[in-house]
Structures are given as C-alpha cells and as structure tokens.
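The values are calculated or read from the model by the stated rules, or taken from the named source; none is laboratory data. Here the structure is a predicted model, which is why all the values come from computation and not from measurement. Here the Cβ positions follow ideal geometry from the backbone for every residue, glycine too, while neighbour counts run over all protein chains shown.
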C-alpha cells in the first residue's frame, strides 16, 4: 500500500471513531505511513515536536494507545526496547514472529486460541495477543 493510502486509511479509522482530523493527527498518520518498522512513543513524540513544539508526551502516547485500540496501529512489547507501535499490517486476524535482532516481522495465520478452551469461571475472551520472539533466518546466518 502506498504512503498516501496508508495515511488515508488511518484517517478513515480516526473519522469512523468520531475523531476530528486535526493537522496534528494527520501528521501522526504520516509518521507511521513513512515507515514499515516499529516506532517507540519517544520517537513519535520527537517527530511531532519538530512541527508542534508544545505537544505533550502524554498526548502523543494517549493517541497511540487509542489508535491501537481502534485497530489503526499494532503495539508490541520488545524485551529490550519497551513498547513500540506500527501501522496495522492486515485487516484479518493473524499473529507475528518477531526477530529480536533486526525487528523484522513475519505474519502467520495460525491462532492457538481457535481451539476450544474450557476457561474457569465462565470467562469470556474479548481479545488476545500472541507474539513469538526469536531470531530470523537472515540474522542467524549473519552471526
């Protein structure tokens, strides 16, 4: 998908969820559309303050979390780099294999939650996360 399409896709998600499309939110979409990788909240904040010096870190972080809840962004926790976000890579249910060296991500459609689970206390699952961290083939070969 092109950078322009990625921006418009995120803008649509914001609009569907009742957000006003401000210049700051458009810039937020552009920041994510320009990269295929993971961005830390600090990096996004630093990019935002270039154009909007008075924006607070809390505002940027809150927007990242809300965009993640809306499905526009995906969030991942890296053991050595903390929480990072990236543009949602797909509209279907999938999971990720994440390289701990280069942060390359592979998607796969298998979901361990598809098997019927008998959970205690009549627990109803609303959402889940399943990420596998390891080392990709390229990083294995180069070490």
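Report whether or not residue 54 is over 16 Å from residue 88 (Cα atoms), surrounded by fewer than 17 Cβ atoms within 10 Å (Cβ to Cβ) and not assigned by TED's automatic domain parsing to the domain that holds residue 100.
Spelling it out, residue 54 is indeed over 16 Å from residue 88 (Cα atoms), surrounded by fewer than 17 Cβ atoms within 10 Å (Cβ to Cβ) and not assigned by TED's automatic domain parsing to the domain that holds residue 100.
Scan the stretch 34-74 for residues that are in contact with a strand residue (DSSP E or B) (Cβ under 6 Å, 6 or more places away or on another chain) and within 17 Å of residue 9 (Cβ to Cβ) and jot them down. Before you say what the answer is, go through the steps one by one.
Within the stretch 34-74, the first condition is being in contact with a strand residue (DSSP E or B) (Cβ under 6 Å, 6 or more places away or on another chain), and the residues that meet it are 38-40, 64, 67-68, 73-74.
The answer is 39, 64, 67, 68, 73, 74.
If you go through the stretch 105-119 one residue at a time, do you hit one that is outside the structural domain of residue 11 (by TED's automatic domain parsing) and crowded, with 16+ Cβ neighbours inside 10 Å? Don't jump to the end; show me each part of the working.
Our first condition is that a residue be outside the structural domain of residue 11 (by TED's automatic domain parsing); within the stretch 105-119, this holds for 105-119.
Next, from what is left, pick out any that are crowded, with 16+ Cβ neighbours inside 10 Å: 105.
Checked the stretch 105-119: at least one residue is outside the structural domain of residue 11 (by TED's automatic domain parsing) and crowded, with 16+ Cβ neighbours inside 10 Å.
If I go through the stretch 34-88 residue by residue, how many of them are within 20 Å of residue 20 (Cα to Cα), in a loop (DSSP other than H, G, I, E, B) and touching a residue at least 60 places away in the same chain (Cβ under 8 Å)?
Residues flagged as within 20 Å of residue 20 (Cα to Cα), in a loop (DSSP other than H, G, I, E, B) and touching a residue at least 60 places away in the same chain (Cβ under 8 Å) within the stretch 34-88 amount to 1.
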